[in-house]
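S.K.: Handing you a structure now.
The values are calculated or read from the model by the stated rules, or taken from the named source; none is laboratory data. Keep in mind the model is a prediction, meaning the values are calculated, not measured. Positions of Cβ are generated from backbone atoms using ideal geometry, with glycine treated the same way; all protein chains shown enter the neighbour counts. Side chains included, ligands, DNA and RNA excluded: accessible areas come from the protein's heavy atoms. Shrake-Rupley method; radii C 1.70, N 1.55, O 1.52, S 1.80 Å.
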Amino acid sequence: GASSVALKRNGREQARLHPNDATALGITDGQTIRIWNARGACLATAHVTDTVRSGVIVLPTGAWFTPREDEGLEAAGNANVLTLDVGTSQFGQGCSAQTCLVRAEPHIADQRDAFDEYQEKLVALSTA
């Protein structure tokens, strides 16, 4: 809905990181960044803030899954590509930790708005 869209920048989730980490990684506020680990990779918009502990990146959930087939990269900041899909138990199938180890770096290539990419995919599917 509208409140979810209002929290995004460039159609992407905002990844919050501490100013010291941002400086060390060469990341500036509002910049598109690539976040990755062995499970996958996604793009997000950096939100540099001292409300996050140094060494931590906070990436909200809620982005529509928008994969770039040619790059193996998720364009909207969908954190599910970074986490293990294991339920908490046989009774509750929620994410067991909502935590994982990741790396981050500035992303210079292809700066398209993730909302626009998602809309293009929907149009392509509907006309195929």
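S.K.: Would you work out the relative contact order for the chain, in percent, from Cα pairs under 8 angstrom that are 6 or more residues apart?
M.R.: 29
S.K.: First compute the accessible area of the chain with a 1.4 Å probe, then give the percent of it belonging to carbon and sulfur atoms.
M.R.: Within the chain, the accessible surface is 54 percent carbon and sulfur.
S.K.: Follow-up. Obtain the nm distance between the two label points defined at R39 and F91 by a simple spin-label model: each point lies 7 Å from its Cα along the Cα-to-C-beta direction.
M.R.: Computed distance between label sites R39 and F91 equals 2.4 nm.
S.K.: A further question follows. For the chain, max minus min Cα coordinate along each principal axis, in Å, sorted largest first?
M.R.: Rounded to whole Å, the extents work out to 47, 42, 30 Å.
S.K.: Using 1/(1 + (r/R0)^6) with R0 = 41 angstrom and r between the beta carbons of L25 and S126, what's the FRET efficiency to the nearest 0.05?
M.R.: 0.55
S.K.: Which one, T83, T61, T45, has the greatest fluctuation when you compute a Gaussian network model over the chain with C-alpha springs under 10 angstrom?
M.R.: T61
S.K.: Of the residues T66, T99, T23, which exhibits the maximal mean-square fluctuation in a Gaussian network model of the chain defined by a 10 Å Cα contact cut-off?
M.R.: Highest fluctuation of the listed residues: T23.
S.K.: Which one of P106, T61, A124 is farthest out on the positive end of the charge dipole of region 37-128, using unit charges on Cβ (Lys, Arg +1; Asp, Glu -1) and the Cα centre as origin?
M.R.: T61
S.K.: With each label point set 7 Å from Cα along the Cα-Cβ vector, what nm distance links E69 and Q111?
M.R.: 2.7
S.K.: Let me have the 222 nm mean residue ellipticity of the chain computed from DSSP H runs of 4+ only, each contributing -39500 (n - 2.57), with the sum over all residues rounded to the nearest 500.
M.R.: Value at 222 nm, helices only, nearest 500: -5500 deg cm²/dmol.
S.K.: Would you mind checking which residues have amide H under 5 Å from G77's amide H? H placed 1.01 Å from N; only 5 or more apart, or other chain.
M.R.: It is E13, L43, by chain and number.
S.K.: Then there is this: Is there a quick way to get the dipole size of the chain? I mean about its Cα centre, with the Cβ of Lys and Arg at +1 and of Asp and Glu at -1; what is the value in debye to the nearest 20?
M.R.: 320
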